[in-house]
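Heads up: the structure comes next, in structure tokens.
Quick note: the coordinates plus some simple rules give every number you see, no bench work behind them. These numbers come from a predicted model, not from an experiment. For neighbour counting, all protein chains shown are included, and Cβ atoms are generated from backbone atoms with ideal geometry for every residue, glycine included.
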Amino acid sequence: MINSQVATKYTLSELLDLILLHGFQSGGSFAIWRKPKSNNLELTLNESPKPERTSINLEELKPGFIVHPFADQEDQKAFFISASKYWSFKIGATIPDEELPSWLVQPTEENTSKKTIFRYSFFSENNTNRAKDAREFGDEKEHFIKLVKKGILAIKEGTLEKVVPARTKYVPLEESFDLAKSLFSMLEAYPNSFVNFFHIPTVGTWIGASPEILIETKGNYFHTMSLAGTQPAIGENPLKTAAWTQKEIEEQALVSRYIVDCFKKIRLREYEEHGPKTVLAGTLLHLRSDFKVDMKATNFPQLGSVMLQLLHPTSAVCGMPRKPAHAFLKDFEDLDRSFFAGFIGPVNIENETSIYVNLRTASLLNGYSILYAGAGVTEESDPEKEWEETELKCQIIGKFLQNHKP
């Protein structure tokens, strides 16, 4: 923890401490993130205690950070953290005092303490979105196995092609839990993921490292991807030694086909498709295909907003066909996904918009980290293996939220 005396330079760990303390003390909403393969850490802060809502017309939005749950809200709006205060800096170098933004001031001991702020945020019993009682481990597994079996039966009966059931895992937070240390460790461990943290008062506090971009617009170009199939990364060179089953190949192909179908719906024929290829995300491997469109050449400047609404929720987090799969999950999943499998990311910041599927994520609430994970179920699925896949996915974030000592 940074002491009350002004330091001449700040390391990344110290900056994270300072940013988090300032964000929570402000009483407003804030987000911190680093894009995949980037060396920039970025943050936005809106000091208003009232959560902001916005329509999903990306091209018309002011700069900020969007947060949308898995299920559509009645008013079709998302939460939004406007970048009334924004800062970006290079990871790796120490930052002198004079390079800090003027609004980022270190909280004093007279105002509050790190322990008080963090305890209020993560251990408070007064949060309006209180966590439901966690199922016992055995009950959670039994429920998920039954859900997978129901999904397989629905697929065999021809109701669905694929469905993606999800589950939670509740892990108690130690009172010595160090959020800055967790975030710092994730930034180091997952250079190819969208490492992120956001806090919206009375709504939620989340941390994650998503491997999947939903839509991105940069200059004249639009980008999206299909990501599916999961196996642990094993050996010195897992990208070259990975072998995929027919089930996993077909699962990823379904996601790619859905993206192409969305292009067809809007009569877009000029696009590039590359893949599938094996990619590393944390300690897991996935199959990924990338799609690229020149929005200027196709005269489609609103493609980002149009595809966002067509793609969400993707078949990779919901299933196919989308409406029957969504209905199946609503009837049988018995889970409030909240922001899990929704979408998050910076909008119109430095002329770029990067929206990610909110995967490999956890909510911090009432003394728990609530981990979320799903598994793609097809006719060839083995319920026990699908459970094991969710356990692996929970560990991606879960291992950074345990046993942190001061």
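Out of residues 5 or more away from PHE65 or on other chains, whose amide H comes under 5 Å of its own, with H placed 1.01 Å from N in the peptide plane?
ILE81, SER82, ALA83, VAL347
How long are the three semi-axes of the equivalent ellipsoid of the chain, in whole Å, if each is the root of 5 times an eigenvalue of the C-alpha gyration tensor, listed from largest down?
Numbers: eigenvalues 230, 129, 80 Å².
After scaling each eigenvalue by five and taking roots: 34, 25, 20 Å.
May I have the pair-distance distribution P(r) for region 150-297, computed from all Cα-Cα distances with 10 Å bins from 0 and rounded to whole percent?
9, 27, 33, 25, 6, 0
Give me the count of lysine pairs in region 188-282 whose alpha carbons sit under 28 angstrom apart, restricted to pairs 8 or more positions apart or on different chains.
9
For TRP87, enumerate residues with amide H under 5 Å from its amide H, sequence gap 5+ or separate chain, H modeled in the peptide plane.
LEU43
Quick one: Karplus J couplings for region 255-263, per residue in order, coefficients 6.51, -1.76, 1.60, θ = phi - 60°, nearest Hz, x for Gly and Pro?
5, 4, 4, 5, 4, 4, 4, 5, 4
Give the residue from LEU12, TRP103, VAL306 lying farthest towards the positive end of the charge dipole for the chain; charges sit on Cβ (+1 for Lys and Arg, -1 for Asp and Glu) and the dipole is referred to the Cα centre.
Farthest towards the positive pole: VAL306.
Neighbouring Cβ atoms within 10 Å as the yardstick, rank THR283, THR94 fewest first. Please report the intermediate quantities before stating the final value.
Details: THR283 16, THR94 13.
By the 10 Å Cβ count, ascending, the order reads THR94, THR283.
Applying 1/(1 + (r/R0)^6) with R0 = 25 Å to the Cβ-Cβ distance of LYS323 and SER55, what FRET efficiency is obtained, to the nearest 0.05? Mind dumping the intermediate values first?
On the way: r = 22 Å, r/R0 = 0.90.
With R0 = 25 Å, the Cβ-Cβ based efficiency is 0.65.
Return a whole-number percent for the relative contact order of region 269-406, with Cα pairs under 8 Å and 6 or more residues apart as the contact set.
Details: 126 pairs, mean separation 18.4, N = 138.
About 13 percent, as a whole number.
Using only the C-alpha atoms of region 328-368, find the volume of their convex hull and express it per residue in Å³.
Here the figure is 107 Å³ per residue.
Let me check against my output: what whole-number percent is the relative contact order of the chain, with C-alpha pairs under 8 Å and at least 6 apart?
On the way: 801 pairs, mean separation 102.5, N = 406.
Across the chain, relative contact order equals 25 percent.
Which whole-Hz couplings ³J(HN,Hα) result when phi for each residue of region 208-218 is put into the Karplus expression 6.51 cos²θ - 1.76 cosθ + 1.60, θ = phi - 60°, listed in order with x for Gly and Pro?
For region 208-218, the Karplus-derived couplings read x, 8, 7, x, 10, 7, 8, 8, 9, 10, 9 Hz, x marking Gly and Pro.
Explain nothing, just compute: Karplus ³J(HN,Hα) = 6.51 cos²θ - 1.76 cosθ + 1.60, θ = phi - 60°, for every residue of region 365-376 in order, whole Hz, x for Gly and Pro.
Those phi angles translate into 7, 6, x, 10, 9, 9, 8, 10, 7, x, 9, x Hz.
Could you sort out which of LYS90/LYS393; LYS35/LYS77; LYS150/LYS393; LYS162/LYS292; LYS149/LYS385; LYS50/LYS85 sit more than 20 Å apart by Cα distance in this structure? Spell out each step's value before the answer.
Numbers: LYS90/LYS393 29 Å; LYS35/LYS77 24 Å; LYS150/LYS393 22 Å; LYS162/LYS292 25 Å; LYS149/LYS385 12 Å; LYS50/LYS85 16 Å.
Correct reply: LYS90/LYS393; LYS35/LYS77; LYS150/LYS393; LYS162/LYS292.
Taking Cα atoms, how many degrees apart are the long axis of helix 114-123 and the longest axis of the chain, rounded to 10 and kept between 0 and 90?
With both axes taken from Cα atoms, the answer is about 30 degrees.
Can you list the residues, at least 5 places off or on another chain, whose amide H is less than 5 Å from the amide H of VAL377, using H built in the peptide plane?
VAL163, VAL164
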